[in-house]
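These notes concern the structure reproduced below.
The values are calculated or read from the model by the stated rules, or taken from the named source; none is laboratory data. Computed from a predicted model, the values in this text were never measured in an experiment. Using ideal geometry, Cβ is built from the backbone for each residue, glycine included, and neighbour counts are taken over all protein chains shown. Areas reflect the complete protein model, heavy atoms only, side chains present, ligands, DNA and RNA absent. Shrake-Rupley method; radii C 1.70, N 1.55, O 1.52, S 1.80 Å.
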Amino acid sequence: MKKFFGTFRNIWSIEELRTKIVVTLTLILVYRFGTHIVLPGINPAKLGDLQKNTGANGMLSLLDAFAGGAFARASILTLGVMPYISASIFMQLMTILVPQMAKIQKEGESGRKKINQWTRYLTVVVTFFQAGAYVTYLKTSYGQAIENNYSSWFLPSTVIILTAGTLFVMWLGEKIQDKGLGNGTSIIIMVGILGRLPEAFIQEFTSKQEKGGGGLLIFLVEIAFLIAIIMGLIILVQGVRKIPVNYAKQIVGNRQFGGARQFLPLKVNSAGVMPIIFAQAIMFLPTLFSFNAATQGIGKIFSNHSNPWYMLVYAVMVIAFTFLYTALIFNPKQMSEDLKRNNGFIPGVKPGQPTADYIGTIMDRITLPGAVFLAFVGILPGFAQLLGVTSGFSTFFGGTSLLIMVGVILDTLQQIETHLLMRQYDGLMKGGRMQGRQTVTPASSI
């Protein structure tokens, strides 16, 4: 405990770090305040009464989790940062699949600025269509909560307000990135997820108390399992396979350069959270077409996260998307060329194509256990529901929410530790430094 307070005192004594923390917390407070402002024309009391009997499922519950409950509250920041994430994913895939886009990205700072500007323009388009879809969803599911005297203006005003709200959240994320601590977009998503944790925690505690018969003990066991899952997820996020790399010696004048022995780190989970997001999006599609008796059964299966068939199909899709996304973002040939250009080589492996094949083979081997563990994490909320955990609290036992929280918190802690070590303070870890992460997510965001 003494070391903890000492570390906190060191953090607060660094003026630059203190300013970044204060700016980040202030902007987060502004965002959380905006998520509680209801759209014009919506009666919050009627909306709450209608939602007692209906709830968001599938992708809607995922969007509500990312927005910190703003989706269910019909807030002006309902769409949050998700349109920007969608645009970023699209632009990232284009830079991989389209050679002209890849060339622009390699132009350096000017190329990145062009792609970021195009991403912002695409965000406006995506937000416009998602806002229209959200208005349709409100009218269909909660039309009684819309004031009659405002119904004619509800569509245009809501689309404009939601678009402006998303751009405002995107601006907050960029300000956190520039002036604050950590990746702004990632922190906003994490804050939205954590915003639902206290309510879910209280609901689970109340549910176990009402059941009696050792309910409190069961609740403590659930907390212990949650901590164990978080520890395992940290191992997954931080896990790397180090390939030894030697650099040839060069003598220039009387000085010797190179000759060092380093390691090429390959992440066990290089795809990050993207396979889970892609799999959830695909699994949500059957629920959109369950209009007749023949498809309603399939819709029920794919809307129930605790259904065995849902979990089986979902796990297979997560594993498949992990390999697919890793193949898209991981380029062993480029890594081999970079090593050759810098006079580096892997001991026992010839430079060029043999090095690329060797790196690709190792990546395939470590991706398989990473994909299996990621699929297991993805279906853990379903197992938690089967064991009696409430639906709200079960989402924190795995899946997208927990993976994003762990990843973002580790990234932020690593930045804090960097500031401490630069000023010759002890790091956050008692024995050794936290391992650096190379996040491979859209726009370095989730």
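Taking segment 143-174 only, how many residues are within 18 Å of residue 37 (Cβ to Cβ) and over 29 Å from the mean Cα position of the chain (by Cα)? Can you show your working first?
Residues of segment 143-174 that are within 18 Å of residue 37 (Cβ to Cβ), as a first pass: 145-147, 150, 153-154, 157-172.
Cutting the leftovers down to over 29 Å from the mean Cα position of the chain (by Cα) gives us 145-147, 150, 153-154, 157.
So the answer is 7.
Do we have any residue at all in segment 15-35 that's in a loop (DSSP other than H, G, I, E, B) and at pLDDT below 85?
If we filter segment 15-35 for residues that are in a loop (DSSP other than H, G, I, E, B), which is where we start, we get 35.
Checking which are at pLDDT below 85 leaves us with none.
No - not one qualifying residue is present in segment 15-35.
Residues to consider are 169, 125, 159; find the one that is closer than 30 Å to residue 419 by Cα, of a type outside the set (Ser, Thr, Tyr) and assigned to a helix (DSSP H, G or I). Even if it seems obvious, please write down each step before you answer.
On the way: 125 fails: closer than 30 Å to residue 419 by Cα; 159 fails: closer than 30 Å to residue 419 by Cα.
It is 169.
Hey, can you tell me all the residues within segment 102-131 that are surrounded by 15 or more Cβ atoms within 10 Å (Cβ to Cβ) and of a type in the set (Gly, Ala, Ser)?
Answer for segment 102-131, where residues must be surrounded by 15 or more Cβ atoms within 10 Å (Cβ to Cβ) and of a type in the set (Gly, Ala, Ser): 111, 131.
Could you check residue 198 against (1) assigned to a helix (DSSP H, G or I); (2) in contact (Cβ under 8 Å) with a residue 60 or more places away in the chain and say which number it fails?
(2)
Anything in segment 198-232 that is closer than 19 Å to residue 405 by Cβ and either among the acidic types (Asp, Glu) or in contact with a strand residue (DSSP E or B) (Cβ under 7 Å, 6 or more places away or on another chain) (or both)? List them, or say none. Full working, then the answer.
Just the residues of segment 198-232 that are closer than 19 Å to residue 405 by Cβ, to begin with: 198-204, 222-232.
If the condition is that a residue be closer than 19 Å to residue 405 by Cβ and either among the acidic types (Asp, Glu) or in contact with a strand residue (DSSP E or B) (Cβ under 7 Å, 6 or more places away or on another chain) (or both), then 199, 204, 222 are the ones that fit.
List pairs: first residue in segment 57-75 and under 15 Å from residue 190 (Cβ atoms) and part of a helix (DSSP H, G or I), second residue at pLDDT 75 or above and hydroxyl-bearing (Ser, Thr, Tyr) anywhere in the structure, Cβ distance under 7 angstrom, at least six positions apart or on different chains.
Between residues of segment 57-75 that are under 15 Å from residue 190 (Cβ atoms) and part of a helix (DSSP H, G or I) and residues that are at pLDDT 75 or above and hydroxyl-bearing (Ser, Thr, Tyr), the close pairs are 62/400; 65/395; 65/401; 70/35; 70/78.
Restricting to segment 88-101, what's the tally of residues that are surrounded by 13 or more Cβ atoms within 10 Å (Cβ to Cβ), aliphatic (A, V, I, L, M), out of contact with any Leu (no Cβ under 6 Å at 6 or more places or on another chain) and under 12 Å from residue 329 (Cβ atoms)?
2
Which fully enclosed helices (runs of 4 or more DSSP H) of segment 339-424 have 2 or more residues being of a type in the set (Phe, Trp, Tyr) and surrounded by 17 or more Cβ atoms within 10 Å (Cβ to Cβ)? Give the steps one after another, and end with the answer.
Numbers: elements: 353-386, 391-394, 399-422.
By residue number, 353-386.
Suppose the filter is among the β-branched types (Val, Ile, Thr) and free of Cβ contacts under 8 Å to residues at least 40 places away in the same chain; does residue 372 pass it? Before the answer, list the steps.
Details: among the β-branched types (Val, Ile, Thr): yes; free of Cβ contacts under 8 Å to residues at least 40 places away in the same chain: no.
Considered against the rule, which asks whether it is among the β-branched types (Val, Ile, Thr) and free of Cβ contacts under 8 Å to residues at least 40 places away in the same chain, residue 372 comes out as no.
In segment 201-223, which residues are within 29 Å of the chain's Cα centre (by Cα) and open to solvent by 60 Å² or more (accessible area, probe 1.4 Å)?
201, 202, 203, 205, 220, 221
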